[in-house]
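What follows draws every value from the coordinates through simple rules; no lab data is involved. Values in this document were obtained by computation on a predicted structure and should not be read as measured data. Note that each Cβ is placed from the backbone with ideal geometry, even for glycine, and that neighbours are counted across all protein chains shown.
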């Protein structure tokens, strides 16, 4: 059994497996790519977040979240690269997910997006040197963001909102072990 499935309730396992199977067909993923999707903790959080937020049609909404995430990673990176226009708010690049989950509990949605943003922030911190060497825009390297201040703000958002199922599936402590990229 997949280690990540231990925290899932039976209905969440079924929901996640259904979303993964639909994603495999929709994105023409190989079995290996599908396994990586299934095991990716952040992607799983995006897929299950609509259920935790009480969105109508959580399967469809979660499926759209996963397609949006993978579509950006597989074919749309150039459309969503971080630029100075995203510096004012770390969650601005996650606006498509907000739009998809507009009918859910927005506090829970914001908690999920704050968790995802903490992963993004951690990745920017880890990529500082490489990004400088590759002349790739990094808001931390550019001085647009202060790591500690943003981390504190996002952590406060995560702690302010109670969502037992989200906490069980993607707790604040998982941020340090999660990666933005799939595979």
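Residues in region 112-134 that are under 18 Å from the mean Cα position of the chain (by Cα) and over 13 Å from residue 82 (Cβ atoms): 112, 113, 114, 115, 116, 118, 119, 122, 125, 126.
Kindly establish whether residue 50 is surrounded by fewer than 22 Cβ atoms within 10 Å (Cβ to Cβ) and under 16 Å from the mean Cα position of the chain (by Cα). Taking the combined requirement at face value, the residue does not satisfy it. Considering region 132-159, the residues that are part of a helix (DSSP H, G or I) and out of contact with any helix residue (DSSP H, G or I) (no Cβ under 8 Å at 6 or more places or on another chain) include one that is surrounded by the most Cβ atoms within 10 Å (Cβ to Cβ), namely 153. Take the conditions in contact (Cβ under 8 Å) with a residue 24 or more places away in the chain and surrounded by fewer than 16 Cβ atoms within 10 Å (Cβ to Cβ) and apply them to residue 61. Does it pass? Considered against the rule, which asks whether it is in contact (Cβ under 8 Å) with a residue 24 or more places away in the chain and surrounded by fewer than 16 Cβ atoms within 10 Å (Cβ to Cβ), residue 61 comes out as no. Looking at region 19-41, is at least one residue touching a helix residue (DSSP H, G or I) at 6+ places or on another chain (Cβ under 8 Å), in contact (Cβ under 8 Å) with a residue 40 or more places away in the chain and exposed (fewer than 14 other Cβ atoms within 10 Å of the Cβ)? Yes, because at least one residue in region 19-41 is touching a helix residue (DSSP H, G or I) at 6+ places or on another chain (Cβ under 8 Å), in contact (Cβ under 8 Å) with a residue 40 or more places away in the chain and exposed (fewer than 14 other Cβ atoms within 10 Å of the Cβ).
Whether any residue in region 83-100 is farther than 23 Å from residue 9 by Cα, surrounded by fewer than 16 Cβ atoms within 10 Å (Cβ to Cβ) and in contact with a helix residue (DSSP H, G or I) (Cβ under 6 Å, 6 or more places away or on another chain) is what I want to check. Looking for residues that are farther than 23 Å from residue 9 by Cα, surrounded by fewer than 16 Cβ atoms within 10 Å (Cβ to Cβ) and in contact with a helix residue (DSSP H, G or I) (Cβ under 6 Å, 6 or more places away or on another chain), one finds at least one in region 83-100, hence yes. In region 47-56, the residue that is nearest to residue 161 (Cα to Cα) out of those that are in contact with a helix residue (DSSP H, G or I) (Cβ under 8 Å, 6 or more places away or on another chain) and not in a helix (DSSP H, G or I) is 53.
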